[in-house]
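Read-outs throughout are calculated quantities, based only on the coordinates presented, and are distinct from any laboratory measurement. Given the structure is predicted, the values throughout are model-derived calculations rather than measurements. As a convention, Cβ positions derive from the backbone with ideal geometry for all residues, glycine included, and neighbour counts pool all protein chains shown.
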Amino acid sequence: MSTILKLYLNAERGRQRRLAEALGVTESHVSNIANGRKQASVDVLRKIAELTGLQSSDLLGAAEPAGLAEQVVPYTSRSMSQETTLDAYLAPKTRHRAMFMTKTGEPLLGILPGDVLVIDMRNPPRPGNTVLAAVISGDTSETRILRYAPPFLLSGDPTEDPISEADARIQGAVVAVARGHGL
């Protein structure tokens, strides 16, 4: 299993017990799954994902290649009609203020270069959501696409240490990704 389940369980006292109860197994069984000593069945994995809000791919430890250029840039359409179409079909999913960004650099967390991200800037993210966050380091800040796993933010790179929520400012959750030529 991946570190995301361990982080999730360790983030709040009693989570492991509650998850074990909901799954109908012992706490030690959940611990063994989280630490990789036992493998979860597909049904248990699905139920863990459903109960925690984490992605199944993250629970399995699947990671996309992550590069140094994990950037997004403001979306600019090639024509006004394309921008209107995006607003009409994607922004209503947020029911609030949305921001459009374009992914640059290497593929990350299932998001490819050129994809247009719709970011909900009003609703708080849920565990497992992909988010846009400003990661603060000293006097600098870097905008990155990360996975929300309270109290941490995770990159798509399993070798990178988790980022504490205290060291970042979440700008919004990615609620839709538009992929296609000509966007």
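General remarks:
- Highest mean packing comes first when the peptides 8-16, 167-175 are listed by Cβ atoms within 10 Å, giving 167-175, 8-16.
- Rounded to whole Hz, the Karplus (6.51, -1.76, 1.60) HN-Hα couplings of region 123-133, x for glycine and proline: 7, x, x, 9, x, x, 5, 7, 10, 9, 9
- Between Thr143 and Leu112, residue separation times 0.36 nm minus the direct Cα-Cα distance comes to 9.5 nm.
- Value of D in µm² per second that Stokes-Einstein yields for region 3-59, Kirkwood Rh from Cα pairs, at 10 °C (1.306 mPa s): 144 µm²/s
- One Cα centroid belongs to region 1-53, the other to region 108-183; the line between them spans 24 Å.
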